[in-house]
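Here you go, one structure.
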C-alpha cells in the first residue's frame, strides 16, 4: 500500500492545482445539489418486524381516525375554579372550534366528550384537548406549529383571568440539533494545539481546512440523500462532530511526519510523497477500522441506526481521502514555507556520517513518563485495571430510552406540556399504550371491547382505560391504556410485557388476537432490539480488532492487550455516562437540567466509534515501537524510543479529538449530548490511560514475547504494511538496480512452503533484447509468472519494467505481457498465439513480452509468428521516446528456437535447488568469463560487458 500512496502523494504534489480544483468542484456541485434537492430529516424511530410496529401499521389502515400526528392542549383553570365552571367551559368549547377550522387538523377531541374518559384530572382543575393532524410528525412545518401555538394563545386570552393553555405533544417533539458558538470554541482549541505541535500557522491551518471541506462534502451528500431515505436529525451532527475530529487528526499525523522530514533536509516533494506513504498508510488503516465499525452498526438490523452509521462512515472515508490527496496538494502550494525555520538551510546536500552515530539520549516529559510506567510495569498494570474497572461499575445501572418530550429543554413547548400533564394527571398520561384487537368475527363488537377493557383494567400497573371502541367497520378494537408509570420507567416496560402475556389467554377466551402498540410500546421495542444487538456487535468489534491488529503487528499479545484496553475504555465511558446522566452527579457542569436516561442506541454507537478511534492511537503508537524493535533495539529500548518518537503527535491528536467532542456537550441537543460526552471521556481514557500508560507497561512485561507470531499463522495472514517497509524496499532499488535495465534480478527465485522451486538466478536485460529461460515446466513457469508480476511469493530482489517486486507487482503486470503457449499440463496449446503477440507488441506501454513454451510451437505459422516477434523487439518503436520491448522466452530445449533468433539472445539454464531445500550459494564469478556455467559472446550485437557477468549469449 505504501508504494501506491507514495505515487499518489507525489502526483497530487506535482498536480496540486488539479487536485485542489477537483475537490472544489466536488464541493460546489454537491453543495448545489444538496441545497436544491434536499428533503427533510425523519426522527421516526421504527423497526420493521416488531409486534408494536406491525400493529401500528395495521392500525393506520384499519382505524385511521386514531392514527396521525397528535398535539395536545393542557388547559388549567384559574385558582379556586374548575374546568366545569361555566365561564371556563364555554371559553374552552369555543376555542375547540377555532382549532377545528384549521385545514390540516383532522379532528379535535373535547375533554367533555361522554365517549372519552380521563381527559379531566381528579380535582377538575385541568383538562386535556387532543388534536389529530393529517400530516406525519416529521412533515409538520414550523409555520404550522406557529399557527397552532397562536391558536392556543388565543384560547388562553379568551378564558377567564388566571387560566393557562399550553400546547405540546408529538407535533412539537421534533428537536433538530443545531450548531452553536460553543462548538466553534472546540475548533479554536484544536487550532491552538496544532500551532503548538506543528509550530507554523500555515501548517496548523491545513488540517482545519481539509477537515472543514470533508465535513461540507459529507453534509451535501447527506442533504441529497434525505430525498431518498429516512435520515435521523442526529445523523448530521454526528457526522460533523466525527468528521471534524478525525479529519484534523489524520491530517496532523501526515503533516507532522512531513515537518520532521523537512527538518532533516529532505526535498519538499519527496517529503510530501513519503509522508503520505508512511503516515498515510497508518491513516488508511485507522480510517478503515472506523468505517468498518460504523458500517457494522447495520448488523443490529435497525434501519435508522444503520443509516446513521453509514453516513458517519462516509464522513470518515472522505476525511481519509482528503488527507491523502488534497493535503499533499496543499503541501505543494506551501513548498518551503512548511520547512521549520531552523532547518531551512539544511535542504542543501547533507554530508553522510563516516562513523555510526549514537542515538541521542531520551529526554523530555514523554521520556520521563514512559520510564515511570515501565519501571515497575506490573504495578502500573494493576493500578490502571483496578481504577478503570471501578469506574466501569456504574455502567450496569445505565438507563436507556428513545427521546421523549421529557428530555427536551425546559422551555420547549412540548416539555412544558409534558411537565403539566405529569403534574396534573400523572406520569402515565405521557406514556399512553394502545391495545388493538381483531374483532371481525364477533357478533357483539361493543360488548367484546367492553369485556377487553374490563380485563385490561385488572392488569397490575394499569391506571385507566379512557377510550375503548371498535372502528366503523367493526373489525378492529382500539383500547387506550394509561399506565401508572412514565415512558422511561421500568414499570411501563413490565406492563407492556404483562399485556402481551395476556394475549394467548384473551385469544382463547374471546377468540380475538390482541397486540400492544403506540409510541411508548414502539420505543420500548426499539430499545430492547438495540439491547439485544449489543452483544453480537461487541463480538464483531472485538473479533475485528483481534484480526486487524494481528495482521498489522504480526503478534498475538499486542492485539489481546489492545482489545482489553478498548473494553476498559468503553466500560469507563459507560460508567461516567451513567454517573452523570442517570445519577445526576455533576450534571450542572455539562448543562444537564436533571438526571435522565440516555438514547437507546448510545451504547452500540459509542462502541463502534470508540473502537475505530482507539485503533488509531494503537497503530500510531505501537507501530513506532515495533519499527524500533525490528531495527534491532531491545524490547524495552524499542518501547521507550518508540514512545518518545510518537508521543507528541498522539497527545496532540487526542487533545484535539477530546476538545472537539467536549465542546459539543454543553449545548448539545437530544442524543448528541451523551454521545459527545461519552466520546470525550472514552478518547481521553483510551489515549492517555490505556495507550500511553497501560500499553507500554504491558509490553515491558511481555518483553520479546510481545512481538512473536506462530509461523503457521504468519504465513496465512495477509500483511498490512503501516510502517512503510515496502516503500523503503522500493526506494532502495535506485541503489542496487540499473536504470538502463528493463529487467534486473538478483538471487531471484519463487518460494513455496517447501523451499524455492529452482536455484536463485541473476538477470539483466535491456530494452529490445531477448532472453531464453531453459528448464522444466515445474520450475520455469513459476519463475516466468513471477517476472511478469503474476506470482508475488518470491525471494531475492527484482525490478521489472520499473516496478520493484513484490511491492509493485500490479504495475509490473500492466507493463509485462504474458503469452502462454502451453496448457497447464505442459502440452502445446491449440489456439494461435499470433493475436496475443501482436496485441502485446502493439501496446505502447508494453515493456516486456514473456512467452512460455516457445519451443512447443511446431506449426509453421506459429514459428513464423514467434520469429516475427523476435525481429520486432529489436526494432525501435515509431512512438517518440518509447523504447522497444524486451522478449523473454521460456523453453524446455533451447536448440529448438535457436534458428528463430539469428541476431542472438541471452540464455539461462535453471538449476534445481539443493536437496536440503535451501537455496545453493552461487559459484564465484570469473571477471573475464562470468560464472562457470555461463559463457558470453562479445561479437554478438547484444554484447554488454557490464551485464554479461551473469548471462549467456548465443
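Calculate, for residue 446 and residue 594, the FRET efficiency according to 1/(1 + (r/R0)^6) with r their C-beta to C-beta distance and R0 51 Å; round to the nearest 0.05.
0.70
Using the per-residue mean of other Cβ atoms lying within 10 Å as a proxy for protection, in what order, highest first, do the peptides 561-570, 84-93 fall?
The peptides rank, most packed first, as 561-570, 84-93.
Another question about this same structure. Taking a ≥ b ≥ c as the square roots of the eigenvalues of the Cα gyration tensor of the stretch 433-517, is the shape rounded (a/c under 1.5), prolate (a/b larger than b/c) or oblate?
Numbers: a/c = 2.20, a/b = 1.74, b/c = 1.26.
In terms of gyration-tensor shape, prolate.
Ranked from highest to lowest mean number of other Cβ atoms within 10 Å per residue, what is the order of the peptides 652-665, 401-414, 491-504, 832-845? Mind showing how you got there, number by number?
Working: 652-665: 24.9, 401-414: 19.6, 491-504: 18.1, 832-845: 15.2.
So the order, starting with the most tightly packed, is 652-665, 401-414, 491-504, 832-845.
Now, a different point. Match the structure shown to one of the listed values (1) 36.8, 125; (2) 31.0, 92; (3) 35.2, 104 of Rg and Dmax of the Cα atoms in Å, computed from it, and give that label.
(1)
Return the percentage of antiparallel bridges among DSSP beta bridges fully within the chain, rounded to the nearest 5 %.
Taking every DSSP beta bridge within the chain, about 70 percent pair in antiparallel fashion.
Could you state the angle between the C-alpha long axis of helix 557-577 and the longest principal axis of the C-alpha atoms of the chain, as a value from 0 to 90 degrees rounded to the nearest 10?
Helix 557-577 sits roughly 20 degrees off the main axis of the chain.
If contacts are Cα pairs under 8 angstrom and at least 6 residues apart, what is the relative contact order of the chain in percent?
Dividing the mean separation by the residue count of the chain yields 13 percent.
Tell me what the chain gives for mean residue ellipticity at 222 nm when only DSSP H runs of n ≥ 4 count, each as -39,500 (n - 2.57), the sum divided by the residue total, rounded to 500 deg cm²/dmol. Don't skip to the answer; put the middle values down first.
Details: 28 runs with 476 residues, N = 954.
About -16500 deg cm²/dmol.
Further, regarding this structure: Ranked from highest to lowest mean number of other Cβ atoms within 10 Å per residue, what is the order of the peptides 4-16, 368-380, 311-323, 701-713?
Peptide ranking by packing, descending: 311-323, 4-16, 368-380, 701-713.
For helix 519-553, report the angle its Cα long axis makes with the longest principal axis of the Cα atoms of the chain; keep it between 0 and 90° and round to the nearest 10°.
The angle comes out at about 20 degrees.
D for the stretch 51-172, whole µm²/s, Stokes-Einstein with Kirkwood Rh over alpha-carbon pairs at 10 °C and 1.306 mPa s: what number?
Values: Rh = 15.1 Å.
The Stokes-Einstein estimate is 105 µm²/s.
Relative to the longest principal axis of the C-alpha atoms of the chain, give the angle of the C-alpha long axis of helix 365-375, reported between 0 and 90° and rounded to the nearest 10°.
For helix 365-375, the angle is close to 90 degrees.
Read the figures in this text as sums done on the coordinates, not as results from a lab. Every value quoted in this text rests on a predicted model; they were computed, and no experiment measured them. Ideal geometry is used to build each Cβ from the backbone, glycine not excepted, and the neighbour counts take in all protein chains shown.
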